[in-house]
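Asks: Following this message is one structure expressed as structure tokens.
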Amino acid sequence: MWEYSDKVKEHFTNPKNVGSIENADAVGQAGALSCGDKLKLYLKIDGNKITDAKFQTFGCGSAVAASSVLTEMLIGKTLDEARKITNKQIADELDGLPPEKMHCSVMGREALEDALKNYYQEDWEDLEDDVEEGSMIICHCFGVSEKQIIDAILNNGAKTFDDISKITSAGLACGRCRENIKAIISRYVKNDEKKTLTPVQKIIKINNVIETVISPELQKDFGDIELVNVDNNNVYVKLKGHCSQCANAKLTLKNFVETKLKELVDDDIVVFEEK
């Protein structure tokens, strides 16, 4: 389904610094088992330098790889240097991650933030070198600020979530920023009347997207998908092949299937799995 770099494959098959640290100076957590990925990060700190870092994670190969490479990035760094590590740097250290897997690097940064909050006993200060000072980050996966989204609307003619994603890449990974992006759009884009699809037209379009866009991608990982039913904006599908047995099936449905249908058919679509 997705192409992975050799570094991702190496860190997944031979992860570094797996385990826990007894009497760790800082411990941070991110993610949740209900979402498919969870990370616990342990740090040993001597003075102002991180001397050891280990992790325990439950999740996909990208989550393991991102956690592994993060520990390597942390060991030997000062706390100030560690504070400035971004999820983009984690992904870059792996020679990139597919957009649908960028949330794994975000989870790494969130665990680091949590660990340093635990150590400093203070609120995390958001430091991102590549974002304008004073501009709130909306999409943490790609470091896209509110200012960049507004600029895409006012200066590049963006009117929809799909337009924003094409121009800035915001919202293409974990999707947690989707509602915030929609709220910004509603503030700056006039509510023109939408040309709505009839129920039959919507079903035909959903089926077409599943057959021509989603299914071919799933087949690359020996999986597949079947449309079962459409009830207004509720879409019921059945995962087949390897996808039906995958531990991250819920993530596939939300981060790939539902995201594609929202982008290409209707932003209000919700996908459910039929067993």
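The values are calculated or read from the model by the stated rules, or taken from the named source; none is laboratory data. Source: prediction; values computed, not measured. All Cβ positions, glycine included, derive from the backbone under ideal geometry; neighbour counts span all protein chains shown.
Asks: All but one of (1) of a type in the set (Phe, Trp, Tyr); (2) farther than 12 Å from Asn17 by Cα; (3) surrounded by 22 or more Cβ atoms within 10 Å (Cβ to Cβ) hold for Tyr42, so report the exception by its number.
Replies: (2)
Asks: Tell me, which residue of segment 84-122 that is of a type in the set (Lys, Arg) and in contact with a helix residue (DSSP H, G or I) (Cβ under 6 Å, 6 or more places away or on another chain) is surrounded by the fewest Cβ atoms within 10 Å (Cβ to Cβ)?
Replies: The selected residue is Arg109.
Asks: Can you give me the ranges of the strands (runs of 3 or more DSSP E) entirely in segment 1-73 with at least 3 residues that are at pLDDT 95 or above and at negative phi? Write out each step before concluding.
Replies: Values: elements: 26-32, 37-46, 49-58.
Correct list: 37-46, 49-58.
Asks: Sticking with this one: Hey, can you tell me all the residues within segment 142-170 that are under 15 Å from the mean Cα position of the chain (by Cα) and touching a residue at least 40 places away in the same chain (Cβ under 8 Å)?
Replies: If the condition is that a residue be under 15 Å from the mean Cα position of the chain (by Cα) and touching a residue at least 40 places away in the same chain (Cβ under 8 Å), then Phe142, Gly143, Ser165, Ser169 are the ones that fit.
Asks: I've got another one for you. Considering each residue of segment 148-165, count those that are of a type outside the set (A, V, I, L, M) and at pLDDT below 80, and give that number.
Replies: Counting residues in segment 148-165 that are of a type outside the set (A, V, I, L, M) and at pLDDT below 80 gives 5.
Residues checked against (1) buried (at least 19 other Cβ atoms within 10 Å of the Cβ); (2) within 30 Å of Leu218 (Cα to Cα); (3) in contact with a Gly (Cβ under 7 Å, 6 or more places away or on another chain); (4) not assigned by TED's automatic domain parsing to the domain that holds His103:
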| position | (1), (2), (3), (4) |
| --- | --- |
| Ser20 | no, no, no, no |
| Ala26 | yes, no, no, no |
| Thr51 | no, no, no, no |
| Gly61 | no, yes, no, no |
| Leu70 | yes, yes, yes, no |
| Gly76 | no, no, no, no |
